[in-house]
There are 2 protein chains.
Amino acid sequence: MPPFGFLHMRVWASLFGRLLRSPRAVCIREVHFHSQFAEAVLTSQLKPQQEKSNFIIKTPKGTRDISPQQMVVREKILDMVVGCFKRHGAKRLDTPAFELKEMLTEKYGEDSGLIYDLKDQGGELLSLRYDLTVPFARYLAMNKVKKMKRYHVGKVWRRESPTIVQGRYREFCQCDFDIAGQFDPMIPDAECLKIMCEILSGLQLGDFIIKVNDRRVLDGMFAVCGVPESKFHAICSSIDKLDKISWKDVRHEMVAKKGLAPEVADRIGDYVQCHGGVSLIEQMFQDPRLSQNKQALDGLGDLKLLFEYLTLFGIAEKISFDLSLARGLDYYTGVIYEAVLLQTPAQAQESFNVGSVAAGGRYDKLVGMFDPKGHKVPCVGLSIGVERIFSIVEQRMKTFGQKIRTTETQVFVATPQKNFLHERLKLIAELWDAGIKAELLYKNNPKLLTQLHYCEDMGIPLVVIIGEQEMKEGIIKLRSVASREEVAIKRENLVAEIQKRLSES
Amino acid sequence: MPPFGFLHMRVWASLFGRLLRSPRAVCIREVHFHSQFAEAVLTSQLKPQQEKSNFIIKTPKGTRDISPQQMVVREKILDMVVGCFKRHGAKRLDTPAFELKEMLTEKYGEDSGLIYDLKDQGGELLSLRYDLTVPFARYLAMNKVKKMKRYHVGKVWRRESPTIVQGRYREFCQCDFDIAGQFDPMIPDAECLKIMCEILSGLQLGDFIIKVNDRRVLDGMFAVCGVPESKFHAICSSIDKLDKISWKDVRHEMVAKKGLAPEVADRIGDYVQCHGGVSLIEQMFQDPRLSQNKQALDGLGDLKLLFEYLTLFGIAEKISFDLSLARGLDYYTGVIYEAVLLQTPAQAQESFNVGSVAAGGRYDKLVGMFDPKGHKVPCVGLSIGVERIFSIVEQRMKTFGQKIRTTETQVFVATPQKNFLHERLKLIAELWDAGIKAELLYKNNPKLLTQLHYCEDMGIPLVVIIGEQEMKEGIIKLRSVASREEVAIKRENLVAEIQKRLSES
């Protein structure tokens, strides 16, 4: 078997390569809900079967249809992401769209209010899944699986308020890769960061950096700064906003809303402005306050080992130890990371901001929350922010006016003659049965020009033309749409000739 | 580009060919919910974070996780189905998992009670989609699309009562292909039947037949038998049950529950026992009662034309005109069809019954129900019952004890030496970067035997072995897991040699 991921890389490069290498700026914050959809209001000319209240034809708030053009882009990107997951030996898993409501409680901290619940129609109380991590942990606990490397591509649902976070959808696709099991420290963690690098480099989205931190370093930092333990989660959530709002605003939230003493907030402020490489880890080891905290030292020790492995993987220069990285979700227990695209000066000018495009971390206690006896299965994983990546690529293609083929049709069956439907139907069945992708117009007597225009519009490369004269001579004409050249071929050689042409192109 | 569908056919054949050609019987009715899952009840040894009521770790009623083994089977089958849809020129579309509740009302007749509603959490009232057809019609109307050939692979949700219909899940995958647009009669309809034949033949599930009827023939039949027009839909639903329950029971339902006169029911009984080919269509044209009904004649005329095209496609012998075929859904307006697998005598003995494996029909008024001005877009389509197909193939593989590889890993990086983690990490990164699918054990000092056993268990074909001696000599050992042969290769030639070996296999 040829190297799967690589094959797709080449397909990808040939389709999107030129566009993706372009440094042009794109602002994805301009993506609004439903802007592309006609919202038609039902008027008074209602048919009897439509006697409902006036309604608007639309998709639910925060959701959208994915058009064939968008699907093509998505499939290319997902093929590449999945190719990378397979390159690292992952199995594929799928879980239901909804879970028992109680499975999702106490897992998402402040975000729990964004969970979609199903109506109580009798029976169990259900909620749509909010991410793919909690269902994975539930799966491991339910089936008593102690070790597993799996990926999962699927939709998740969050009742985000569109006015707060522009451009975010309430239904979106996630691509997760996770390694569950008790292993020697930091080897799976380093592989997760390697995977993020491979995917982001492979997609040629521009330069990026991966911020890394550790929940234990954060907790240790909170402790030595004087944050009461009961406020760790709340303060962690505030710190997590540092990539979206300024330190001043975060400080205000911590002091005014979360009741933190101002001097404690200021001590935190000194730390969260630090970022760097291995030398910053060494510096923190020497930090007079932090070095007194056992948890912080454990975290720093693991981060040091992690950087050792990242150097062996050749990706250390992409990684930044960043004390401001917090990650909002409650379930993380160790190393955490988040990849961001770096702005070019031109992008900064156009206030280009895509935020995080991949993220993850270690969650060693989540499986234990589901296990009847509390047995833990340590886990580490990552999630690729494919929706943001889709937006970036779609916007770039739009900017460059690139036309995307939404079908893969190879051959069109045409005729210049009237009353030739029967011959066309027999011929196209022969092509389909030979595995050739073929189309014809669903008309008894279409005009030849209409048929040829259709091929040009749809990017179909070959046309088979059959008429009375050809029938008599036992031949068929094969036309190249690009060159407009036509050759006559013996009827019985048609399939072989088409297959030869297609394998050459 | 090589013929896509064909390539996959070959992959498929090599994996499942032998199994699928076997005539062994399998009873999918034995698939019960959750039987494979441990249902662990939380005991009293709860951790502080688990202070909830005792709960069972499970997936919601009627749903299940899809294991990696199942995912491999599913992906092969879906690749083949999608390959066929693409061979016929379809574009891919996706729609949200939920729709505005009002979009789904008055579309599903008696089945509407099975729709999952979302909880009213403020804002719009939403329901999970029940099929992929209604969202497609909503998409066409919303975007004023008059012509489109699309496919859609996605989950749908129905609150089926598992006690009534054994083996059905409440969450399941659908694969739909539809042609929307005003065309000359029966050409797209014939293509839909051709697609069903290509897929069912390609999957080698055994012999099958496609029953065909027309809603207008049914309505005409009801009219001439004396069914009041207000009861057409209700009687249609009863007739639809004829493949599951006997005529006696259907007759009882129509008379006792739906208030039909017994003599009317008996007249219907005479018709619904008829099935055959073109000659039956001719016979019905001559039927003294049916030939008086305009609707019935329209339907029969179209069916005659359809058979003409099916003959040209070479599939007429797979099609049976069957007056008992009704299809439960309200939205069909013309030709309807349903494919069923035929039992071998052995299967009949084991009461093998898989019911319908593909179905569809013409629905010319559904889009108009969404359009503000009632503009119609005629549509015809089909849905492949992939869940039943998955079950059949999974059961067959289980019967034959076939082991499925759930990963695609090509090379394993091993060492017989202690303290060789750094070398292994450097080496595996080199393989990943070359697009090679590679794994190692996440241990500092794994035993060589453990490493080699892992390869055998997982079906990994090649092992790269690195140790102190090899390091000194600048070589590396490449081992074939199957033959246990080892060869020494220059370190710098490793990637090229692996790629050569993989391309040969």
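The values are calculated or read from the model by the stated rules, or taken from the named source; none is laboratory data. Bear in mind the structure is a predicted one, so any value in this text is a computation, not a measurement. For neighbour counting, all protein chains shown are included, and Cβ atoms are generated from backbone atoms with ideal geometry for every residue, glycine included. These area figures cover heavy atoms from the full protein model, side chains too; ligands, DNA and RNA do not enter into them. Shrake-Rupley method; radii C 1.70, N 1.55, O 1.52, S 1.80 Å.
The table that follows gives values for the structure above.
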item	result
Contour minus Cα-Cα distance for B:Ser503 and B:Glu229 (0.36 nm per residue)	92.0 nm
Mean separation of Cα contacts under 8 Å (6+ apart) over length of the stretch A:246-340, as relative contact order %	29
Per-residue average of Cβ from other chains inside 10 Å of A:246-252	0
C-alpha center-to-center spacing [the stretch A:238-297, the stretch A:123-148] in angstrom	33
Electrostatic dipole magnitude of the protein assembly as shown [Cβ: Lys, Arg +1; Asp, Glu -1; Cα centre; debye, to 20]	340
Rounded, prolate or oblate (a/c below 1.5 giving rounded, otherwise prolate when a/b exceeds b/c) for the stretch B:122-198 by Cα gyration tensor	oblate
Three-way shape label, the stretch A:74-182, alpha-carbon gyration tensor, a/c 1.5	oblate
With at most 16 other Cβ atoms within 10 Å, longest stretch of chain A clear of loop chymotrypsin sites (Phe, Trp or Tyr not before Pro) (DSSP)	A:56-399
Sequence-distant residues sharing a close amide H with B:Lys91 (under 5 Å, placed H)	B:Lys149, B:Arg150, B:Tyr151
Cα gyration tensor shape for the stretch B:143-253, rounded if a/c is under 1.5, else prolate or oblate	oblate
Kirkwood hydrodynamic radius (C-alpha pairs) into Stokes-Einstein, chain A, 25 °C and 0.890 mPa s, D in µm²/s	92
Residue mean of other protein chain beta carbons inside 10 Å, A:497-504	1
1.4 Å probe accessible area per residue over the protein assembly as shown, in Å²	40
Estimated dipole of chain A in Debye, rounded to 20 [Cβ of Lys and Arg +1, of Asp and Glu -1, Cα centre]	940
Accessible area in the full protein assembly, largest first, 1.4 Å probe, for B:Lys58, B:Lys248, B:Lys426	B:Lys248, B:Lys426, B:Lys58
For A:Val272, solvent-accessible area (1.4 Å; no DNA, RNA or ligand), Å²	10
Simple label model, 7 Å out from Cα along Cβ direction - A:Gln469 to A:Glu485, nm	2.0
Theoretical gain in end-to-end length, A:Lys147 to A:Asn493 [0.36 nm per residue, Cα-Cα removed]	119.1 nm
Computed accessible area, B:Cys173, all protein chains, 1.4 angstrom probe, square angstrom	20
Area of B:Val264 that stays accessible when all protein chains are in place (1.4 Å probe, Å², to 10)	10
Using a Förster distance of 41 Å, the FRET efficiency for A:Lys241-A:Gln283 (Cβ separation, nearest 0.05)	0.95
Using θ = phi - 60° and Karplus 6.51 cos²θ - 1.76 cosθ + 1.60, couplings along the stretch A:195-201 (whole Hz; Gly, Pro as x)	4, 4, 5, 4, 5, 5, 5
C-alpha long axis of helix B:4-20 to longest principal axis of chain B, angle in °	90
Projected label distance in nm at B:Met458 and A:Lys258, using a 7 Å step from Cα toward the beta-carbon	4.0
Unsatisfied cross-links (Cα-Cα over 23 Å) in the set A:Lys91/B:Lys418; A:Lys376/B:Lys58; A:Lys86/B:Lys76; A:Lys477/B:Lys194; A:Lys490/B:Lys149; A:Lys101/B:Lys101	A:Lys91/B:Lys418; A:Lys477/B:Lys194; A:Lys490/B:Lys149
Under 5 Å, built H, 5+ apart or other chain: amide partners of A:Ala358	A:Ala339, A:Gly385
From phi via Karplus (6.51, -1.76, 1.60), per-residue ³J(HN,Hα) for the stretch A:313-329 in Hz, x at Gly/Pro	6, x, 10, 4, 6, 8, 10, 10, 6, 9, 6, 8, 6, 10, 6, x, 6
Relative contact order [Cα under 8 Å, 6+ residues apart], chain B, whole percent	16
For the stretch B:149-279: relative contact order, % (alpha-carbon pairs under 8 angstrom, 6 or more apart)	15
Inter-chain shielding of B:436-444 (mean C-beta neighbours from other protein chains, 10 Å cut-off)	6
Tilt relative to chain B, helix B:294-312 - C-alpha long axis, 0 to 90 degrees, to 10	40
Mean-position separation - Cα centroids, the stretch B:357-377 and the stretch A:464-505, in angstrom	38
Selection from A:His453, A:Met254, A:Ile319 lying farthest towards where the dipole of the protein assembly as shown points positive, charges on Cβ	A:His453
Under Karplus coefficients 6.51, -1.76 and 1.60, residue-wise ³J(HN,Hα) of the stretch B:134-140 in Hz, glycine/proline x	5, x, 5, 4, 4, 4, 4
